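Q: Structure below; questions to follow.
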Amino acid sequence: MKALVLTVSLAAMTSLALSASAQSEEHWDKTYTVAGQPDLTLKTGDSNLAIKSCGACQTVRIHIDSPKRKLSDYRIEEEQSGDRIHFSLKEKPHIGVRVRVSWHGEPVSVQVETPANLTLHAETADGNLDASGLNGTISLHSSDGRQTVADVSGSLHIQSSDGGAELRNISGTVDAHASDGDLNISGKLDGLNVSTSDGKVSLELASGSTLKNDSTVHSSDGTVTVRLPKDFSINLDVSTSDGKIDCNLPLTLDGFHSNGGSDHSVRGKLNGGGSLLSIHTSDGTVHLSSL
């Protein structure tokens, strides 16, 4: 009897998995209706993930394209409870010896259209992650892939384990960290905490930016380039352990240190000072200039 129950359970699980991808072996599509601001959790394995705004719409649409792989090779899990939506696409585990063919061309892709105002947590295990036109608390994590984020406002949290991130026209606060990759950030920001363990950092603050709290920019191994508005008021604390400081800003100096070699630091005020912006690189040059 136990064996029979187990067999039926496995059959039921298989049926559920297949029903989620029954639309075709190449495409899957579903639309969710929401009454208020959606709270989305999106997780993908070996696929690209793109999230964009549909403006003031009241639906969330998720579409999957798989031109080279059968969708039956993947497990789709999706659930809605009110305005909360959870979606997951992961490759099914395989028992025994498996020969995996390396597919060339377009990979599996997940496209999401959502109301602009939302709470979002999105993860990719192996694939690029794109987001555009969104507003709210946005958390993006990629283990192996590049992130491209544009026209996003609110509170933005970025984590990239292996790959850089391009953040364009961002408004609000940015908390971005990369283990292995460059970080390129531009926008009208209220606060930032940015670091990369192995890569360059490029930061451009648009006119109207006002750092309300102390902020940091750090690279363990790479050049840091910062461009600020001419009327930007800030206290600066800049240092490099092995590199140069190239500053073309009209700073009122509070302190300067150089050991004559590669260890340098500069402290000063720009336009009377303000919140503290700390910039440091362990191995690389720091470039500071006006827009």
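Q: Give Ser262, Ser209, Ser195 a once-over and let me know the one that is at pLDDT 95 or above and in a loop (DSSP other than H, G, I, E, B).
A: Working: Ser262 fails: at pLDDT 95 or above; Ser195 fails: in a loop (DSSP other than H, G, I, E, B).
After ruling out the rest, the residue left standing is Ser209.
Q: Residues in the range 256-277 that are closer than 21 Å to Thr223 by Cβ, in contact with an Asp or Glu (Cβ under 7 Å, 6 or more places away or on another chain) and either touching a residue at least 24 places away in the same chain (Cβ under 8 Å) or not assigned by TED's automatic domain parsing to the domain that holds Ser215 (or both): how many?
A: The initial filter retains those residues of the range 256-277 that are closer than 21 Å to Thr223 by Cβ, namely 256-259, 261-268, 270, 277.
From what is left, the residues that are in contact with an Asp or Glu (Cβ under 7 Å, 6 or more places away or on another chain) are 262, 267-268.
Still in the running and either touching a residue at least 24 places away in the same chain (Cβ under 8 Å) or not assigned by TED's automatic domain parsing to the domain that holds Ser215 (or both): 267-268.
The total comes to 2.
Q: Checking the condition surrounded by 18 or more Cβ atoms within 10 Å (Cβ to Cβ), free of Cβ contacts under 8 Å to residues at least 24 places away in the same chain and within 29 Å of Ser109 (Cβ to Cβ), which residue from Ala176, Ala150 passes?
A: Numbers: Ala150 fails: surrounded by 18 or more Cβ atoms within 10 Å (Cβ to Cβ).
Only one candidate qualifies: Ala176.
Q: Let me ask something else about it. List the residue pairs whose Cβ atoms are under 7 Å apart, where the first residue sits in the range 239-255 and is not assigned by TED's automatic domain parsing to the domain that holds Leu228, the second is surrounded by 19 or more Cβ atoms within 10 Å (Cβ to Cβ) and in a strand (DSSP E or B), and the two are 6 or more positions apart or on different chains.
A: Final answer for the pair search is none.
Q: Any residue in the range 225-235 that is crowded, with 19+ Cβ neighbours inside 10 Å, outside any loop (DSSP other than H, G, I, E, B), at pLDDT below 95 and in contact with an Asp or Glu (Cβ under 9 Å, 6 or more places away or on another chain)?
A: No - not one qualifying residue is present in the range 225-235.
Q: Please count how many residues of the range 191-234 are closer than 15 Å to Leu277 by Cβ, acidic (Asp, Glu) and under 18 Å from the mean Cα position of the chain (by Cα).
A: Number satisfying all stated conditions: 1.
Q: Would you say Ser53 is in contact with a Leu (Cβ under 7 Å, 6 or more places away or on another chain) and modelled with pLDDT under 95? Don't jump to the end; show me each part of the working.
A: Values: in contact with a Leu (Cβ under 7 Å, 6 or more places away or on another chain): yes; modelled with pLDDT under 95: no.
Against the criterion (in contact with a Leu (Cβ under 7 Å, 6 or more places away or on another chain) and modelled with pLDDT under 95), Ser53 does not qualify.
Q: Let me ask you something else. Out of the range 253-288, which residues are exposed (fewer than 13 other Cβ atoms within 10 Å of the Cβ) and touching a Lys or Arg at 6+ places or on another chain (Cβ under 6 Å)?
A: Gly255, the sole residue that qualifies.
Q: Looking only at the range 35-48, how many residues end up being in contact with a Lys or Arg (Cβ under 9 Å, 6 or more places away or on another chain) and modelled with pLDDT of 95 or more?
A: The total comes to 6.
The values are calculated or read from the model by the stated rules, or taken from the named source; none is laboratory data. Just so we're clear, the structure is a prediction, and the values are computed from it rather than from any experiment. Positions of Cβ are backbone-derived with ideal geometry, glycine not excepted, and every protein chain shown enters the neighbour counts.
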